[in-house]
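The values are calculated or read from the model by the stated rules, or taken from the named source; none is laboratory data. Just so it is clear, the model here is predicted, and its values are computed rather than measured. In this analysis, Cβ positions are derived from the backbone assuming ideal geometry, glycine residues included, and neighbour counts consider all displayed protein chains. These area figures cover heavy atoms from the full protein model, side chains too; ligands, DNA and RNA do not enter into them. Shrake-Rupley method; radii C 1.70, N 1.55, O 1.52, S 1.80 Å.
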Amino acid sequence: MANAHSETITGHAVHHDHAHDHDDHHESFVSKYIFSMDHKMISRQFLITAIIMAVIAMTMSVIFRMQLAWPGEKFGFINAILGDKWGKDGILDPNMYMALVTIHGTIMVFFVLTGGLSGTFSNLLIPYQIGARDMASGFLNMLSYWFFFLSSSIMLSSLFIEDGPASGGWTIYPPLSAVPEAMDGSKLGMTLWLISMTLFVVSSLLGGINYIVTIINLRTKGMKMTRMPLTIWAFLITAILGVLSFPVLVSCVVLLIMDRSMGTSFYLSDIYINGRPLDNVGGSPVLFEHLFWFLGHPEVYIVLLPALGISSEIISTNSRKPIFGYRAMIGSMLAIGFLSFIVWGHHMFITGMNPFLGSVFVFTTLLIAIPSAVKAFNYITTLWKGNIQYTPAMLFSIGLVSSFVTGGVTGIILADSTLDINVHDTYFVVAHFHIVMGLSAIFGMFAGVYHWFPKLFLRMMNKKLGYLHFWLTFTAAYGVFFPMHFLGLAGVPRRYYTNSAFPMFDNLVDINEVVTICAIIGALAQVVFLFNFFYSIFRGDKAPQNPWNSNTLEWTTPMAHIHGNWPGALPVVHRWSYDYSKPGAQTDFIPQTVPLADGEHDGGGH
């Protein structure tokens, strides 16, 4: 059966070969750089779009952190950026504060950590690492990017309308989001948010279906599932999670649009505005929470798994050791993927849910700690006694392991309903998910950029600037999010414009100042990255064929952007991708294309 399967794949690959033999065809600027169907160019489009979105979201966070640290202070740059309506006399308007928090969260979760991370690295690495000419459908791939671009543009356009952007928090709970007259941020800005997110889901589904089909159907000869790098396993599981959960967000959004525009009452009941009752009866905002978090929790792992896959590859390569527990790593990702669908209720412990149902969600949430711990221990064991190469990518991967563990520990507190009730909607929650999801995924993304930059742009990034970027980012990030736990334990609520009305929080102002100063340092650290990134694209050292002495197939392709990846025949795979420092071998790495010697064991199993 396996032979028949590989023959089918080889047959398809041969057919694919003939389709791509014409390397000498000249593409126009538009077909090469704009409406490209080449996976390498599309990954670059996703990456640069995500970097632009990240800079915008980071600027927003600095603006609202200034308000939290020094409430009522005047800052000239706030007026310069936001104008007189939202930043009169350099003081941030309370409505705009909420809008910035909302759009910052939306951009980071969806446009940077979902679209940017999966879009960049799934596109770049799936065809390269499984030995395919390109994605299964180049056209769908192109559509995926352009829906992403359109969605990003609509989200940003809401910053320029008169009423301001959506202001319901990134989770846009009704009734605030469902009643347009509730506030300025519930008007046109909210409608644009909903349209943007619907287009974003279209992009994710087109991409996800493409990734799944490519991995299952287009693996080169010999590339069994157990020989695939863990990056590809992570992208496969991520794509499956997305295809199963994103449609639920669409249903959630469609019902909200109907409540807003068509007079339905899915989420509304007994609402009064300025003393006037609305006609809506019979709905419940809790229904929205169920639908939103049924996407929202798998979304955490859609963000996290690609970063974990990337760091698995980088940690193994730079430890010069095989990844510890390859099959356990695959099993843990599958377990995390499955469990992520049955834990969404832990976001809703204070909605009045039945305590028995709450205890079920406590149990399933705590179960996720087991496969997560398997991954953490396997990373640490891979590093143990390795010949570690401290490249910038390796430092960010180790930083990911650190933040994954740190954030995971506070997750155990929030998983327990009796403890969660005390810190729900405080800065403790903000600290938890920023460390475990935000930092881990951002570190994974940086690691991937430093490691695969030679394949993206054929040049090397500057190592010393990479080190500077890592240490500034790592220390500033912990400086921002670690003190937030103490704010949360003291009861400081999230999303408040100022806490000056509460005397019991007066002693905590210093902590907010420390957090904001660290946030500004962290933002400035990204200037180092941006300079290194864009300078290296044009002026960086030319990359050697295999700069990290890595085993995977992408380093066997020519260091030139050719159509179809490999000139001539596709490579044939003989072994798994983690044969580093193998006893008796001549070198400390053996590429996947090297046949097994007599009596040599294949680490991926038979």
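Filtering 522, 564, 488, 479 for residues that are open to solvent by less than 30 Å² (accessible area, probe 1.4 Å) and in contact with a strand residue (DSSP E or B) (Cβ under 8 Å, 6 or more places away or on another chain) leaves a single hit, 488. Only one of the numbered conditions (1) more than 18 Å from the chain's Cα centre (by Cα); (2) among the polar types (S, T, N, Q); (3) in a helix (DSSP H, G or I) is violated by residue 245, and that is (1).
When the stretch 525-546 is examined, which residues are found to be open to solvent by less than 40 Å² (accessible area, probe 1.4 Å) and among the polar types (S, T, N, Q)? Can you show your working first?
So the first thing to find is which residues in the stretch 525-546 are open to solvent by less than 40 Å² (accessible area, probe 1.4 Å), and the list is 525-526, 528-529, 532-533, 536-537, 540, 543, 546.
Residues satisfying the conditions are 526, 532, 536, 546.
The lone criterion from (1) in contact with a Pro (Cβ under 8 Å, 6 or more places away or on another chain); (2) surrounded by fewer than 18 Cβ atoms within 10 Å (Cβ to Cβ); (3) in a loop (DSSP other than H, G, I, E, B) left unmet by residue 549 is number (1).
Annotation note: of 100, 92, the sole residue that is modelled with pLDDT of 95 or more, more than 23 Å from the chain's Cα centre (by Cα) and open to solvent by less than 70 Å² (accessible area, probe 1.4 Å) is 92.
Of all residues in the stretch 340-353, those that are surrounded by fewer than 21 Cβ atoms within 10 Å (Cβ to Cβ) and more than 15 Å from residue 286 (Cβ to Cβ) total 2. Can you find a residue that is outside any helix (DSSP H, G or I), closer than 30 Å to residue 119 by Cα and either open to solvent by 30 Å² or more (accessible area, probe 1.4 Å) or not hydroxyl-bearing (Ser, Thr, Tyr) (or both) anywhere in the stretch 448-459? Yes, the stretch 448-459 has at least one match.
Conditions tested, residue by residue: (1) surrounded by 16 or more Cβ atoms within 10 Å (Cβ to Cβ); (2) under 30 Å from residue 514 (Cα atoms); (3) modelled with pLDDT of 95 or more.
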position	(1), (2), (3)
3	no, no, no
8	no, no, no
21	no, no, no
24	no, no, no
45	yes, no, yes
53	yes, yes, yes
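Can residue 204 be described as open to solvent by 10 Å² or more (accessible area, probe 1.4 Å), at pLDDT 95 or above and closer than 23 Å to residue 137 by Cα? Yes: the conditions hold for residue 204.
For residue 600, are the conditions met, namely being charged (D, E, K, R) and under 27 Å from residue 37 (Cβ atoms)? Steps first, please.
Working: charged (D, E, K, R): yes; under 27 Å from residue 37 (Cβ atoms): no.
So residue 600 fails the test.
Scanning the stretch 412-443 for residues that are touching a helix residue (DSSP H, G or I) at 6+ places or on another chain (Cβ under 6 Å), more than 16 Å from residue 472 (Cα to Cα) and small (Gly, Ala, Ser) yields 415, 417, 431, 441. Residues in the stretch 254-291 that are assigned to a loop (DSSP other than H, G, I, E, B) and aromatic (Phe, Trp, Tyr): 2 in all.
The number of residues in the stretch 354-385 being buried (at least 18 other Cβ atoms within 10 Å of the Cβ) and either assigned to a loop (DSSP other than H, G, I, E, B) or charged (D, E, K, R) (or both) comes to 1. Residues in the stretch 412-437 that are assigned to a helix (DSSP H, G or I), of a type outside the set (A, V, I, L, M, F, W, C) and open to solvent by less than 20 Å² (accessible area, probe 1.4 Å): 420, 427. Going through the stretch 116-161 one residue at a time, which ones are open to solvent by 40 Å² or more (accessible area, probe 1.4 Å) and either on the phi > 0 side of the Ramachandran plot or hydroxyl-bearing (Ser, Thr, Tyr) (or both)? Selection gives 153, 157. Among the criteria (1) at pLDDT 95 or above; (2) open to solvent by 10 Å² or more (accessible area, probe 1.4 Å); (3) outside any helix (DSSP H, G or I), the one residue 223 does not fulfil is (2).
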